[in-house]
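Note sheet for the following structure.
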Amino acid sequence: HLSIDSLRSLSDAHPKPSHLRFQYGTAGFRTLGSTLDSVLFRVGVIAALRSKKLDGLTVGVMVTASHNPEHDNGVKIVDPRGEMLEGSWESHATTLSNAPTTDDFLEAVDALIRTSKIDVSKPARVVYARDTRPSGITLVAALEDGLSALGAEARNAGVTTTPILHYLVKAINTKGTPDSYGDDSEEGYFHKLGTAFKSLVGGRPPLEPLLIDCANGVGALAASSLAEYLGSSLPLVLENTSISTPGVLNHACGADYVKTMQRLPPSLADRLKPGQRACSLDGDADRLMYYYLDERGTFHMLDGDKIAALVAAFIVDLVKSAGLENDIKVGVVQTAYANGASTRYLFERLPVKCVATGVKHLHHAAEHYNIGVYFEANGHGTVLFSQSTQSKLAQYQPSTPAQSTALTHLINLIQLINQTVGDALSDVLLVETVLAHKSYTGEEWDSLYVDLPNRLVKVVVGDRNAFRTENAERRLVSPPGLQAKIDELVRRYDGGRSFVRPSGTEDVVRVYAEAVVRSQADGASSFSLPAYCN
Ligand code: G16
């Protein structure tokens, strides 16, 4: 079942660079694509072992560096329910990826098999995909070597979005069961989302075309397939779709650019008409940023917080209209990056929880609600309907036509929303559904609350691991003395709030600042870190 000779010789072909240390971070391993060969091989081995540990359930592997620059790449493992890899296995992945030699690696594999009690005679099944990064081709070949070293049954899902890979994992593992998540193919995914969307907006006035900035990434392929399924129910105008032009992925476009720069991608300047709705995906289509230009041509951003507010309020209304407000509780999960105005808006209406950055943290917290809405300010998020809520909705007998309509909408939302992970395309359909139901323009949506001015900057430091946080990343515990300095600065600004945390996807620390007055938010984020941090 496990040929040590084959594992040894394949491992020799993928040596670990001696000067590098790898870390399974916020969203898996992520760094320069050219340094990741050994990591990909080893991830193949780990994913196969994870599947064996779980009795041969299918595990997913996604090769992507999402919003990062084109020369970066990365890889993450997806657990059988379509969710992020379980925490304890993240440390196994870090350990195995750092074993200096083949002998050390084989020893680490052996230790993992023994300590995790893995029955290696069990089958291993893995489905994998990559985004459009050029380095993905050789990295996938390294991954395939790792899978074949363990004799895994491997399914190549080709070039696709991260959320579609998550969908496939869940669809494969629920196939033929009463909980079937949908057909385990891209067509199955588009069919599921498209059908639910058409039911939700059916009978309403036709929607104006939506302009989508595809970040020159894999979202361009998926969005163009989705456009076909949607037909006239939602005309999509796709921009930044150059997936084979070197250097353009996420460059001056995409969700991260819009969120960080708080401005329109320059390539859309003469494409977007005042009042028209537009949005940006990121490099693997798991983040979504909406925006519009007002009459005067001023840019207005509708970020993950605005999406959370829009969607949460809509779902709360539907639950109420269905007559289920005493049975189904809706809650929201955010991170410290959520704009203070959004937290206040939501908190006045429903329970809100703040957790550490990373979809895995938000996802788990959202599972504690009957319906959990989670969005990061950067546009990464989804809505989870607990199993018992789904059963409750399926069995509920409405007593009025209005209740029955609301119930049908809720059941369609369960189909529309990719509950495995944040999914920009599924979120587009969710936002468009709410806008259609509420007859909101971008401007009306934007006016739910007014964002506090804020700045988010990246600072390059000598060792980002020297920065450790507590209280959902809102306070630093190290380096010593730095939090006191932040507190002192923040006190000088009206409604000031600021925090510093190490990124889990880039070699930087992130500094966030918000204040009531724009110039004050800018000032608070431009303080320099003390010399001892560099
Ligand atoms: C990933 C994670 C997100 C996180 C983001 C930035 O997004 O999935 O949850 O917000 O990285 O994380 P950090 O601040 O630690 O670098 P993506 O879209 O890059 O996969």
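The values are calculated or read from the model by the stated rules, or taken from the named source; none is laboratory data. From a predicted model like this one, the values you see are computed outputs, not experimental measurements. Neighbour counts are summed over all protein chains in view; Cβ atoms, including those assigned to glycine, are modelled from backbone coordinates with ideal geometry.
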* To do: Please verify whether segment 262-281 includes one or more residues that are hydrophobic (A, V, I, L, M, F, W, C), farther than 24 Å from Tyr449 by Cα and free of Cβ contacts under 8 Å to residues at least 12 places away in the same chain.
  => yes
* Asked: Which members of segment 28-52 meet the condition of being β-branched (Val, Ile, Thr), surrounded by fewer than 24 Cβ atoms within 10 Å (Cβ to Cβ) and touching a residue at least 40 places away in the same chain (Cβ under 8 Å)?
  -> Thr31
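Yes or no, residue by residue, for (1) surrounded by fewer than 23 Cβ atoms within 10 Å (Cβ to Cβ); (2) in contact with a helix residue (DSSP H, G or I) (Cβ under 6 Å, 6 or more places away or on another chain):
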position	(1), (2)
Asn216	no, no
Gly219	no, no
Ser225	yes, yes
Tyr229	yes, yes
Ser232	yes, no
Val248	yes, no
Asp256	yes, no
Ala269	yes, no
Gly275	yes, no
* Structure fact -> Sole miss for Ser404 among (1) more than 11 Å from the ligand (Cβ to nearest atom); (2) assigned to a loop (DSSP other than H, G, I, E, B) is condition (2)
* Out of the residues in segment 308-327 that are in contact with a Phe, Trp or Tyr (Cβ under 9 Å, 6 or more places away or on another chain) and in a loop (DSSP other than H, G, I, E, B), which is surrounded by the fewest Cβ atoms within 10 Å (Cβ to Cβ)? -> Asp327
* Looking only at residues in segment 28-39 that are in contact with a helix residue (DSSP H, G or I) (Cβ under 7 Å, 6 or more places away or on another chain) and hydrophobic (A, V, I, L, M, F, W, C), which one is nearest to the ligand (Cβ to nearest atom)? -> Phe29
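Each row is one residue, and each column tells you yes or no for (1) free of Cβ contacts under 8 Å to residues at least 12 places away in the same chain; (2) within 16 Å of the ligand (Cβ to nearest atom).
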| position | (1), (2) |
| --- | --- |
| Arg344 | no, no |
| Phe347 | yes, no |
| Val359 | no, yes |
| Leu384 | no, yes |
* If you check Leu40 against the conditions, is it closer than 29 Å to Ala255 by Cβ and outside any loop (DSSP other than H, G, I, E, B)? -> yes
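If we keep just the residues of segment 265-324 that are of a type in the set (S, T, N, Q) and in contact with a strand residue (DSSP E or B) (Cβ under 7 Å, 6 or more places away or on another chain), which is farthest from His251 (Cα to Cα)?
Gln276
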* Asked: Limited to segment 151-176, what total is found for residues that are touching a residue at least 12 places away in the same chain (Cβ under 8 Å), surrounded by fewer than 22 Cβ atoms within 10 Å (Cβ to Cβ) and within 17 Å of Val421 (Cβ to Cβ)?
  -> 2
* **Ser97 vs. criteria assigned to a helix (DSSP H, G or I), surrounded by fewer than 16 Cβ atoms within 10 Å (Cβ to Cβ), modelled with pLDDT of 95 or more and in contact with a Phe, Trp or Tyr (Cβ under 9 Å, 6 or more places away or on another chain)** => no
* Structure fact -> When (1) under 21 Å from Tyr440 (Cβ atoms); (2) surrounded by fewer than 24 Cβ atoms within 10 Å (Cβ to Cβ); (3) among the aromatic types (Phe, Trp, Tyr) are applied to Phe347, the one that fails is (1)
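Kindly indicate the residue of segment 231-258 that is of a type in the set (A, V, I, L, M) and free of Cβ contacts under 8 Å to residues at least 40 places away in the same chain and also nearest to the ligand (Cβ to nearest atom) among those meeting that condition.
Applying the filter and picking the extreme gives Ala252.
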* Identify, from the list Gly74, Gly25, the residue that is of a type outside the set (A, V, I, L, M, F, W, C), surrounded by 19 or more Cβ atoms within 10 Å (Cβ to Cβ), modelled with pLDDT under 95 and within 14 Å of the ligand (Cβ to nearest atom). => Gly25
* To do: Under 7 Å between Cβ atoms, at least 6 apart or on separate chains: pull out the pairs that start in segment 432-449 with a residue that is of a type outside the set (Asp, Glu) and end on any residue that is at pLDDT below 95 and surrounded by 14 or more Cβ atoms within 10 Å (Cβ to Cβ).
  => Ala436/Leu207
* To do: From the list Leu425, Leu476, Leu429, pick out the single residue that is part of a strand (DSSP E or B), modelled with pLDDT of 95 or more and not assigned by TED's automatic domain parsing to the domain that holds Ser224.
  => Leu476
* To do: Evaluate segment 177-199: report whether one residue or more is closer than 30 Å to Ala252 by Cβ, among the small types (Gly, Ala, Ser) and surrounded by fewer than 17 Cβ atoms within 10 Å (Cβ to Cβ).
  => no
* Restricting attention to segment 361-377, report how many residues are in contact with a strand residue (DSSP E or B) (Cβ under 8 Å, 6 or more places away or on another chain) and more than 12 Å from the ligand (Cβ to nearest atom). => 9
